[in-house]
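Shown next, in structure tokens, is the structure this report addresses.
The values are calculated or read from the model by the stated rules, or taken from the named source; none is laboratory data. Note that the coordinates shown come from a computational prediction; the quantities given were computed from them, not determined experimentally. Positions of Cβ are backbone-derived with ideal geometry, glycine not excepted, and every protein chain shown enters the neighbour counts.
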């Protein structure tokens, strides 16, 4: 059972470091079964509790996973290896459709907003002990949430969607708990969950979001939290409509103890109405990011939720960063109040390019999905080959492995960098790289 690689150490930290070293060098391959704790303790001459502590550390770091009586094993891809590392770098002369960035020409200028925030700051800078959320931002955020039907709740501010989601998960869950996520889904989230020592439970989806049967299956399998993207789902563009929202709320009503997290990263780049699920469970959080519409570098997301959840998030936040910069909050508040983003125009710009590409691909016998947002998801039979052939043709796309768990192979194309003149040449390149396929569910 101990195998060729000899785990060493007398203290828990030393044992954990030894296992991590074996994983880093490849001596402990993905899927390698680790010795039972008592067996390793006897071999090392230490107390079994010492080995248990080492294994717990490794689980929390996302290096190993434990499957009950089947024991502990090295994860198929340790959480320390970010899915973002699977991206294909665009060589000189190639068009980059894989980074997933918004179109810079659609982002508002920040000069006026920064100047207004600076002037406001001069009149009363944020000091220790002040409220963590700038009142004007909280007022505007709450008004927008109210208009979209998000239930009443206190407002907090985090450094982007992923920061907010991490804080909400940590507020209620512990290492070893299971989290239901969309598959395919946001690669950063698929990394975050195991990095917290939690287990991912994939849910298949279609253009209306997670399938109700998949959500029910995940919750019955023991998932303690559920993360859903309401609009512009990354990478498929799925959007939860009114009927699907009703179906999902019915499922959630049977599981009131589950933690529900909704990610509205598509805010202000999508003109379809929001159909929130918030309030269907006792513990919930709704996260709204400013990154896609106003600029990734703003690093700001607002979140609301039930009082206990928000209180836990803000309480823990006070013991770390304390608060998100008040100057930054004032800047975003000014952007919101001034209507710096023409939402219908931005949604139309992304929609025209996205829809044109989907139609062009379909006319060539290529199945493609992209209901909202800035991405098009193209199922393929050979992901690696498709990425390589497209790169040879001058197009760098994102391999679907960045976004998949159990769903079929695919590639993601971000339309932000495309012009109308690019659509037909790109569709020709995809058709040459991808054999025609029949429509399939994402999962």
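Taking residue 250, is it out of contact with any strand residue (DSSP E or B) (no Cβ under 9 Å at 6 or more places or on another chain) and either over 30 Å from residue 331 (Cβ atoms) or touching a residue at least 12 places away in the same chain (Cβ under 8 Å) (or both)? Yes: the conditions hold for residue 250. Look at the range 125-136: where a residue is under 14 Å from residue 314 (Cβ atoms) and a partner is loosely packed, with under 12 Cβ neighbours inside 10 Å, sitting 6+ places away or on another chain with Cβ atoms under 8 Å, you get 132/318; 132/322. Across the range 381-401, which residue is surrounded by the fewest Cβ atoms within 10 Å (Cβ to Cβ) among those that are touching a helix residue (DSSP H, G or I) at 6+ places or on another chain (Cβ under 6 Å) and within 26 Å of residue 349 (Cα to Cα)? Here the residue is 393.
Pairs meeting the criteria (first residue in the range 150-167 and closer than 13 Å to residue 298 by Cα, second residue surrounded by fewer than 24 Cβ atoms within 10 Å (Cβ to Cβ), beta carbons under 6 Å, at least 6 apart or on different chains) are 157/133; 159/299; 160/299. Scanning the range 99-137 for residues that are assigned to a helix (DSSP H, G or I) and exposed (fewer than 10 other Cβ atoms within 10 Å of the Cβ) turns up 104, 105, 111, 122, 123.
On the given criteria, is residue 260 closer than 28 Å to residue 66 by Cβ, more than 14 Å from the chain's Cα centre (by Cα), modelled with pLDDT of 95 or more and outside any loop (DSSP other than H, G, I, E, B)? Answer is yes for this residue.
In the set (1) over 17 Å from residue 283 (Cβ atoms); (2) assigned to a helix (DSSP H, G or I); (3) under 15 Å from the mean Cα position of the chain (by Cα), residue 217 fails one condition alone, (3). Each residue in the range 317-331 was checked for being part of a loop (DSSP other than H, G, I, E, B) and either more than 11 Å from residue 300 (Cβ to Cβ) or in contact with a helix residue (DSSP H, G or I) (Cβ under 6 Å, 6 or more places away or on another chain) (or both), and 5 pass.
The range 338-443 holds helices (runs of 4 or more DSSP H) entirely within its bounds, and those carrying 3 or more residues that are within 22 Å of residue 184 (Cα to Cα) and at pLDDT 95 or above map to 343-363. You will find that of 263, 271, the residue that is touching a helix residue (DSSP H, G or I) at 6+ places or on another chain (Cβ under 9 Å), assigned by TED's automatic domain parsing to the domain that holds residue 151, within 19 Å of residue 149 (Cβ to Cβ) and surrounded by fewer than 18 Cβ atoms within 10 Å (Cβ to Cβ) is 271 and no other.
Against the numbered list (1) more than 30 Å from residue 282 (Cβ to Cβ); (2) in a helix (DSSP H, G or I); (3) at pLDDT 95 or above, residue 140 comes up short only at (1).
For residue 174, the conditions (1) at pLDDT below 95; (2) under 30 Å from residue 222 (Cα atoms); (3) touching a helix residue (DSSP H, G or I) at 6+ places or on another chain (Cβ under 8 Å); (4) not in a helix (DSSP H, G or I) are fulfilled apart from (3). When we screen 51, 63 for residues that are surrounded by 13 or more Cβ atoms within 10 Å (Cβ to Cβ) and modelled with pLDDT of 85 or more, the only hit is 51. In this structure, does residue 103 turn out to be under 15 Å from residue 328 (Cα atoms) and touching a helix residue (DSSP H, G or I) at 6+ places or on another chain (Cβ under 9 Å)? So residue 103 fails the test.
Per this entry, residue 178 is not counted among residues that are free of Cβ contacts under 8 Å to residues at least 60 places away in the same chain, farther than 27 Å from residue 402 by Cβ and in the same structural domain as residue 244 (by TED's automatic domain parsing). Only a single item in (1) in contact with a strand residue (DSSP E or B) (Cβ under 6 Å, 6 or more places away or on another chain); (2) over 15 Å from residue 264 (Cα atoms); (3) crowded, with 21+ Cβ neighbours inside 10 Å is not met by residue 197, and it is number (1). Of the residues making up the range 366-379, at least one is over 24 Å from the mean Cα position of the chain (by Cα) and in contact (Cβ under 8 Å) with a residue 60 or more places away in the chain.
To keep it simple, each residue is scored yes or no on (1) surrounded by 20 or more Cβ atoms within 10 Å (Cβ to Cβ); (2) in contact with a helix residue (DSSP H, G or I) (Cβ under 9 Å, 6 or more places away or on another chain); (3) at positive phi.
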site	(1), (2), (3)
6	no, yes, no
12	yes, yes, no
16	yes, yes, no
26	no, no, yes
33	no, yes, no
37	no, yes, no
45	no, no, yes
55	yes, yes, no
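Counting only residues that are more than 27 Å from residue 249 (Cα to Cα) and buried (at least 20 other Cβ atoms within 10 Å of the Cβ), the range 139-164 holds 0 of them. Within the range 327-344, can one find any residue that is closer than 20 Å to residue 418 by Cα and surrounded by 24 or more Cβ atoms within 10 Å (Cβ to Cβ)? Among the residues of the range 327-344, not one is closer than 20 Å to residue 418 by Cα and surrounded by 24 or more Cβ atoms within 10 Å (Cβ to Cβ), which makes the answer no.
Quick grid of which residues meet (1) free of Cβ contacts under 8 Å to residues at least 40 places away in the same chain; (2) outside the structural domain of residue 154 (by TED's automatic domain parsing); (3) touching a strand residue (DSSP E or B) at 6+ places or on another chain (Cβ under 7 Å):
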| residue | (1), (2), (3) |
| --- | --- |
| 297 | yes, no, no |
| 301 | no, no, yes |
| 304 | no, no, yes |
| 307 | no, no, no |
| 315 | yes, no, no |
| 320 | yes, no, no |
| 323 | no, no, no |
| 326 | no, no, no |
| 349 | no, yes, no |
